[in-house]
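Below: one structure, written as structure tokens.
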Amino acid sequence: MLQLYEQFVNDFKVYSQKRIKNPSFVYIKQQMTTIFVHNLKFAKNTKNHSSDLLKDTQEYANLYLYIIRKADTEVIFMSNILDAFKEKQVESKEYTGKKIKVGIIGCGWIAEAHLQSYLKCDDVEVVAFADIIPGKAEAFAKANGVEGRYYLSDKELIDNEKDLDAVSICTYNRQHAPCAIYALEHGVHVLLEKPMCVTIEEAVEICKAEKKSGKILSIGFQPRFDENMKMVKKICESGVLGKIYYIQTGGGRRMGIPTPFGTSFIQEDTAGLGALGDIGCYSLDMVLNAIGYPKPLTVTGFKAGLFGKKPEYLQKPEYTEVFGVDDFAAAYVRLEGGITLDFRIAWAMHCDTPGDTIIMGTEGGLRIPSTECWNGSIGGPMTIYHNIAGECVETVIPECENNGDNFDKKIRSFIDAIEFGLPSPVPSSQIIYNQAIIDGISRSSDLGREIEIEIPEF
Ligand SMILES: NC(=O)c1ccc[n+]([C@@H]2O[C@H](COP(=O)([O-])OP(=O)(O)OC[C@H]3O[C@@H](n4cnc5c(N)ncnc54)[C@H](O)[C@@H]3O)[C@@H](O)[C@H]2O)c1
């Protein structure tokens with residue numbers, strides 16, 4: 001099989017280097033399809049074919065389909081896909097038929113989405129639930145028609161569940177880092193909800209624990225699996241925009257401070273971050289993922305809680321007493337590669353939108369109509385503005401239809417990574433930059449000036 005891998009890499013190199021300097025994913029996919037079809041036809045039609053040739057071709061076909069499927073569902077660069085395959089071959093990890101044992105930590109609103117998606121996986125058994133509120137874990141499991149073992153904290157669950165393979169961490173933001181670090185330190189794979197955590201120091205500690213453990217850590221950005229989000233990335237990678245130099249992104253709601261199930265999103269000691277962490281992380285991920293997650297260098301940021309103390313903006317007037325986070329944030333960020341990022345996000349504002357997302361390049365500009373939080377949807381068809389034969393033209397990209405549920409894909413990709421030894425589907429090596437920007441905005445706002453983003457080594 002390693003020989004086949006080498007053949008694939010060689011085919012990939014020949015087709016990508018011979019024809020174009022910067023191969024786009026779409027182009028490579030087309031070329032690889034051609035090779036695949038050619039090889040298959042050759043193997044089937046040749047009169048002298050040996051069973052070995054057919055077998056080889058079949059393996060090549062499997063490899064090809066495996067890679068294309070991963071690329072389609074996970075939107076990762078071709079080189080990553082090839083590396084992933086190489087690792088897969090070296091490790092030769094085969095599905096053993098053993099069920100992956102999962103625990104759910106934090107049994108609030110998002111935990112239900114995780115559980116429902118796990119229940120659709122034949123190869124997963126959700127064995128345990130934890131919540132610090134007495135009775136909540138058990139009530140949650142029963143309300144979802146399942147049973148398990150119940151615990152009063154993440155530590156209790158991890159200490160007692162000796163056969164545990166993985167956990168979903170669905171706690172409020174302030175508990176992301178302690179829970180993720182404890183799980184990784186105890187050799188458990190982690191699917192961690194977004195935002196990754198609250199501060200950059202926490203993010204670094206999580207990454208250190210991940211590195212030491214060798215376990216999978218994936219961050220819960222299900223919009224990555226949305227067809228429109230994938231299209232944004234494909235457009236940027238295709239080269240049609242030329243060199244990207246400016247991005248405007250963000251989103252917001254007129255009246256949307258989230259308190260559907262209590263105050264965990266608006267209290268400083270549970271959420272730590274308001275609109276900036278809750279929905280800001282999505283718009284940052286959409287554009288940064290599209291352009292390959294360049295490193296952030298400097299940030300001038302502002303954040304404030306401007307509406308959360310007004311009773312009409314909250315579900316219950318008494319919530320104003322505990323409101324302690326931002327409901328608006330804005331920033332100007334310099335990214336590596338000469339790209340500037342203009343960002344704004346709001347849970348509440350006197351405006352319909354703080355603007356569409358715009359990605360400007362030397363050959364074209366992409367406009368993505370605004371939504372309130374970019375958590376897996378776009379506000380309408382996208383438009384590419386460019387010049388053809390000296391004329392200004394516009395190409396409309398129709399909205400893509402999704403096949404399947406993004407939450408299911410988020411869970412499936414995590415389980416696949418564990419089962420087949422694949423890289424993390426939404427890796428901390430990218431999301432640490434998302435967290436660094438969020439953290440930088442908070443710090444710059446507190447200091448009232450531009451700051452340099454420094455990420456400690458780990
Ligand atoms: N990906 C998405 O679309 C999405 C959607 C909503 C929320 N989220 C994220 O999910 C997280 C949780 O959101 P939610 O709406 O479910 O919040 P929630 O407040 O409803 O639930 C969090 C639960 O975690 C429990 N908890 C806290 N610390 C714990 C610990 N150490 N051990 C066990 N249980 C603990 C709390 O008691 C609470 O029941 C947030 O970080 C949020 O940003 C993601």
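Quick note: the coordinates plus some simple rules give every number you see, no bench work behind them. Because the structure is predicted, anything quoted here is derived from the model rather than measured. Cβ coordinates were reconstructed from backbone atoms using ideal geometry, including for glycine residues, and neighbour counts include every protein chain displayed.
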Next on the checklist: Give me the one-decimal nm value for the distance between modelled label points at T383 and E312, 7 Å along each residue's Cα-to-Cβ direction.
Outcome noted: 3.4 nm
Checklist entry - Assuming R0 = 35 Å, what is the FRET efficiency of D122 and I358, from their Cβ-Cβ distance, to the nearest 0.05? => result 0.20
Checklist outcome for this item: A correct fewest-to-most ranking of Y182, Y332 by other Cβ atoms within 10 Å would be Y332, Y182
Item to check | Of the chymotrypsin sites (Phe, Trp or Tyr not before Pro) in the stretch 207-288, those whose Cβ has at most 15 other Cβ within 10 Å and which sit in DSSP loop | outcome: F261
Item to check | Positive-end residue, the stretch 161-229 charge dipole about Cα centroid, Cβ charges, pick of F225, I181, V204 | outcome: V204
Next on the checklist: I'd like the FRET efficiency for D446 and R149, computed as 1/(1 + (r/R0)^6) with the beta carbon distance as r and R0 of 60 Å, rounded to 0.05.
Outcome noted: 0.90
Next on the checklist: Given a Förster distance of 30 Å, report the FRET efficiency between I133 and K212 from their Cβ-Cβ distance, rounded to the nearest 0.05.
Outcome noted: 0.45
Checklist outcome for this item: Computed for the stretch 102-197: size of charge dipole around the Cα centre, +1 on C-beta of each Lys and Arg, -1 on C-beta of each Asp and Glu, debye to nearest 20, value 360 debye
Checklist entry - Between the stretch 321-385 and the stretch 160-193, what's the alpha-carbon centroid distance in Å? => result 31 Å
Checklist outcome for this item: For L119, L422, L191, ascending order of other Cβ atoms within 10 Å (fewest first) is L119, L422, L191
Item to check | Ranked E450, E161, criterion: other C-beta atoms within 10 Å, fewest first | outcome: E450, E161
Checklist entry - For F420 and V393 in one chain, what is 0.36 nm times their gap in residues minus the Cα-Cα distance, to one decimal in nm? => result 5.2 nm
Item to check | Cβ charges +1 (Lys, Arg) and -1 (Asp, Glu), total dipole of the stretch 374-442, debye | outcome: 200 debye
